[in-house]
Amino acid sequence: MTRPTVRYKYLDALTTAFVVILLVSNLVAQKVCLIGGFAVSGAILLFPVTYIFGDVFTEIYGFAASRRAIWLGFFGTGLLYLMGAITIALPPAPGWHNQQAFATVFGFIPRILAASLIAFWSGEFANSYTMAKLKLMTNGRMLWTRTIGSTIVGQAVDTTVVIVLTFAGTVPFRILVHMIVTGYLLKVGYEVLATPITYLVIDWLKHAENADAFDRQESFNPFSFSAKAENFRED
């Protein structure tokens, strides 16, 4: 029997928050900060949160909802880059002397731009795919195995892709590996520490939405927009 279409209370708000956090992460990524003796991008403060959102989308609403959010984030980030480039290229008005500061904040080097978009897309899909598959393997038990497991996979893909595409050929291989390992451990550590909060949010949303997705018949093709997850609680 075909299930009725379900309208969720919080999915649109969560998707909007996901995209906003992603865009802000890209803006603050320009600053290199010193945290715990490590020089890291300002994005480290927010970007890992997008993977927590990915876990929430996949766990509660299904892979299709996560796929929709990822594509919205991808195109939103692309629009940010495009409008930044166009606005920088426009001549500043007489008397406005902040062109260089504006270009510093909103100017993106094409190589970094491409690396960021590719890494985000591949890492987020790797995260959600792993999350959905682990849920099927555990039959919905042991949430921590999939929140942490998906993070380990997704952040490995994201960090490796963005560092390699951005810096390969410009820094020694040893430094390249060090950057990947350092960034990866910081991101994974961040999300492991956030696991209790993730548990609370997921538990609350499952009851609020009366949903608990199992992607047993879902197409995991990132370019397919069918939605076949069983989005109802099984307890």
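A short reminder: the numbers here are calculations on the coordinates, not readings from a lab. Predicted model only: the values in this text are computed from it and were never measured. Please note: Cβ atoms are built from the backbone with ideal geometry, for glycine as well, and neighbour counts cover all protein chains shown.
List the residues, sorted by chain then number, that are 5 or more residues from Cys33 or on another chain and whose placed amide H is less than 5 Å from its amide H.
Correct list: Val40, Ser41, Gly42.
In whole Hz, what ³J(HN,Hα) sequence does segment 21-36 give by Karplus (6.51, -1.76, 1.60; θ = phi - 60°), x for Gly and Pro?
4, 4, 5, 5, 4, 5, 6, 7, 5, 5, 8, 9, 10, 9, 10, x
With θ taken as phi - 60° and the coefficients 6.51, -1.76 and 1.60, list the Karplus ³J(HN,Hα) couplings across segment 136-146 in order, rounded to whole Hz; mark glycine and proline as x.
5, 5, 9, 6, x, 8, 6, 3, 4, 5, 8
Is any residue of segment 140-161 close enough, with backbone N under 20 Å, to a label point placed 7 angstrom from the Cα of Val177 along the Cα-Cβ axis, and if so, which?
Only 156-161 pass the distance filter.
Between Leu72 and Ile197, what is the label-point separation in nm under the 7 Å Cα-to-beta-carbon projection?
Using points 7 Å along Cα→Cβ, the separation is 2.1 nm.
As an exercise, find the ratio Rg/Rh for the chain from alpha-carbon atoms, using the Kirkwood inverse-distance average for Rh.
Taking Rh as the inverse mean 1/r over Cα pairs, Rg/Rh reads 1.01.
In whole Hz, what ³J(HN,Hα) sequence does segment 51-57 give by Karplus (6.51, -1.76, 1.60; θ = phi - 60°), x for Gly and Pro?
Values, residue by residue: 6, 5, 4, x, 4, 5, 4 Hz.
Let me have the 222 nm mean residue ellipticity of the chain computed from DSSP H runs of 4+ only, each contributing -39500 (n - 2.57), with the sum over all residues rounded to the nearest 500.
Details: 8 runs with 153 residues, N = 235.
Calculated at 222 nm, the ellipticity per residue is -22500 deg cm²/dmol.
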